[in-house]
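The values are calculated or read from the model by the stated rules, or taken from the named source; none is laboratory data. Not measured: the values here are computed from a predicted model. Glycine gets a Cβ as well: all are built from the backbone with ideal geometry, and neighbour counts include every protein chain shown.
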Amino acid sequence: MTNVIDTRTWISPVHLEWGLPIGFWKFKMTRFALPALFLMFVTTVLVVAGPPSEYEENWPQWRGPSGNGVAANSDPPVEWSETEHVKWKTAIPGRGSSSPIIWGDSVFITSAVPAGVEEPSEASSGRRRGRTTTVKHQFVVFAIRRQNGEALWRTTVRTELPHEGTHATGTWASNSVVTDGQNVYAYFGSRGLYCLDMSGSVEWERDFGEMNKHNSFGEGSSPALHGDRILVQWDHEGPSYLFALDKRTGEEIWKVPRDEGTSWSTPKVVEHDGIEQVLTSASGRVRSYDLRDGSLIWECEGLGRNVIPTPVVIDDFAIVTSGHRQPALLAVRLDQAKGNITGSEAIAWSLSRDTPYTPSPLLYEDYLYFLKRNSGILFNLNAKTGAAFYENQRLEGIGDVYSSPVGVSGRVYITDRDGNTLVIRHGPEFEILATNSLDEGFDASAAIVDDEIFLRGQKHLYCISE
């Protein structure tokens, strides 16, 4: 079934009924069981884990509920094609490489839709060719009904002519939204940050000005949401900052200047030793800030130019990486990270080769999966030691990859720009389970909820399901 969203008419908002929404840190309380009678003289407390939280059952942000690319409670199909296991396929107007975000029965996605007849021109952009336009674009947030792919609502938050081009393979809607189940926060970089309610009405907006990106390669960092705060990493060729905003009003809580050029990485919030810290990857330094006031906790040199991948975290280890010209990967021991940790024992292990350029790594239990640059060559390392389970594994049938791998139900899914998805078994041995193909290419990363996987292609949004 193929649905088409009409770009010529406004789609009326549809009111959504929700159960009690929760924030990032609301969890199910554990319960305690008493010891058996024959152990009555031994004091024992058994902690029984409760069911997954509502946050964990959805895909509320870029890279999923954990931020590591894993769906812990899902089981989507292993095999599909255009004629098999496609529950629905919906055309999305315009262009965008933002990833789908899911909450309840809604799938949220953004796009830049030409407001006139677009005739893209080619412009010099360093050694590459970039995309420019002379046509105004509508910057649009879509809500799609997860059950059948029909449109719930469409909100145009701004209409303007992009002041700068993008990479030849980029778009003007590359930033993924984030949601807490109460509101949707859509970020378009130079076009601003918008808070929409669940029926598509704009509650507030925030304009940060205009970015000037290296080689006019376009924008792409997504916002991070933690508790009552939204984090925006504003790195470009002008004054760079990290912003913390109040999610209820958009008002600035703090901002810190960053001695950084262009990056495309998304910040990640992690709690360690009772302190919530904001991890940022960039070319100059990897930095961690105290979420409370923006004060610097630690920093480290070591990444190359054009940093795109988002940090991943397991226990007390934070892993950051870049893959352009100066490949680099750093595994940081958070319990030893204070001040300038460059070259210190706080660096548990590192790499200076074969790291990913565009795709973020997948951290699935203790396994760190990543691709060599943007190629179909896979590495699988122990995240805490750096020891290789396997490396330089060529993925048959997989070409260039911009999307980030995802993990679910003991499997890893890797989707390339030609429409192919390789499914391999999660674990220390390399084993191919399936190779699937669709009719269009994919740059956006997959999202997974329950038994469904959502793939945003160049023209359509797919829902793959048994």
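Computed quantities for the displayed model
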{"quantity": "Residues located in segment 157-181, provided they are more than 20 Å from G457 (Cβ to Cβ) and either of a type in the set (A, V, I, L, M, F, W, C) or in contact (Cβ under 8 Å) with a residue 40 or more places away in the chain (or both)", "calculated": "V157, T159, L161, P162, H163, E164, G165, V178, T179, D180, G181"}
{"quantity": "Sole residue being part of a strand (DSSP E or B) and surrounded by 17 or more Cβ atoms within 10 Å (Cβ to Cβ), chosen from A186, A173", "calculated": "A186"}
{"quantity": "Cross-chain or 6+ apart pairs with Cβ under 6 Å, segment 401-421 first and closer than 9 Å to A446 by Cβ and among the aromatic types (F, W, Y), then modelled with pLDDT of 95 or more and part of a strand (DSSP E or B)", "calculated": "Y413/V406; Y413/T421; Y413/V423"}
{"quantity": "Residues of segment 402-412 classified as more than 15 Å from the chain's Cα centre (by Cα) and not small (G, A, S), total", "calculated": "3"}
{"quantity": "Any hit, segment 354-361, residues being at pLDDT 95 or above and more than 20 Å from the chain's Cα centre (by Cα)", "calculated": "yes"}
{"quantity": "Pick from segment 415-434, criterion among the β-branched types (V, I, T) and more than 15 Å from S81 (Cα to Cα), ranking: surrounded by the fewest Cβ atoms within 10 Å (Cβ to Cβ)", "calculated": "I432"}
{"quantity": "Scope segment 47-61; condition modelled with pLDDT under 90 and not in a helix (DSSP H, G or I); matching residues", "calculated": "V47, V48, A49, G50, P51, P52, S53"}
{"quantity": "In segment 211-256, the residues that are over 26 Å from S97 (Cα atoms) and part of a helix (DSSP H, G or I)", "calculated": "none"}
{"quantity": "Hits in segment 298-316 (condition: in contact with a strand residue (DSSP E or B) (Cβ under 9 Å, 6 or more places away or on another chain), closer than 14 Å to G67 by Cα and either surrounded by fewer than 22 Cβ atoms within 10 Å (Cβ to Cβ) or β-branched (V, I, T) (or both))", "calculated": "T310, V312, V313, I314"}
{"quantity": "Boolean, E210 is over 18 Å from G304 (Cα atoms) and touching a residue at least 40 places away in the same chain (Cβ under 8 Å)", "calculated": "yes"}
{"quantity": "Every pair of residues 6+ apart whose Cβ atoms lie under 7 Å, when the first sits in segment 70-82 and is outside any loop (DSSP other than H, G, I, E, B) while the second is among the polar types (S, T, N, Q) and surrounded by fewer than 18 Cβ atoms within 10 Å (Cβ to Cβ)", "calculated": "S81/S437"}
{"quantity": "Leading residue by the ranking (surrounded by the fewest Cβ atoms within 10 Å (Cβ to Cβ)) among those in segment 139-170 that are in contact with a helix residue (DSSP H, G or I) (Cβ under 9 Å, 6 or more places away or on another chain) and either in a strand (DSSP E or B) or at pLDDT 95 or above (or both)", "calculated": "E160"}
{"quantity": "Restricting segment 234-268 to residues that are of a type in the set (S, T, Y) and modelled with pLDDT of 95 or more, the residue that is surrounded by the most Cβ atoms within 10 Å (Cβ to Cβ)", "calculated": "T266"}
{"quantity": "Residue within segment 280-297 that is of a type in the set (G, A, S), surrounded by fewer than 19 Cβ atoms within 10 Å (Cβ to Cβ) and in contact (Cβ under 8 Å) with a residue 40 or more places away in the chain present", "calculated": "yes"}
{"quantity": "Considering residues of segment 392-412 that are among the polar types (S, T, N, Q) and part of a strand (DSSP E or B) only, the residue surrounded by the most Cβ atoms within 10 Å (Cβ to Cβ)", "calculated": "Q393"}
{"quantity": "Filtered residues of segment 325-347 (kept if under 18 Å from Y369 (Cα atoms) and not small (G, A, S))", "calculated": "P327, L329, L330, V332"}
{"quantity": "Index of the failed condition, D354 passing every other in (1) farther than 21 Å from G304 by Cα; (2) crowded, with 17+ Cβ neighbours inside 10 Å", "calculated": "(1)"}
{"quantity": "Meets criteria (in contact (Cβ under 8 Å) with a residue 40 or more places away in the chain and either in contact with a Gly (Cβ under 8 Å, 6 or more places away or on another chain) or under 14 Å from S263 (Cβ atoms) (or both)) for S221", "calculated": "yes"}
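Residue by residue, here is whether (1) among the aromatic types (F, W, Y); (2) within 19 Å of the chain's Cα centre (by Cα); (3) at pLDDT below 95; (4) in a loop (DSSP other than H, G, I, E, B) holds:
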{"site": "I414", "(1), (2), (3), (4)": "no, yes, no, no"}
{"site": "R417", "(1), (2), (3), (4)": "no, yes, no, yes"}
{"site": "T421", "(1), (2), (3), (4)": "no, yes, no, no"}
{"site": "I424", "(1), (2), (3), (4)": "no, no, no, no"}
{"site": "G427", "(1), (2), (3), (4)": "no, no, no, yes"}
{"site": "D443", "(1), (2), (3), (4)": "no, yes, no, yes"}
{"site": "I448", "(1), (2), (3), (4)": "no, yes, no, no"}
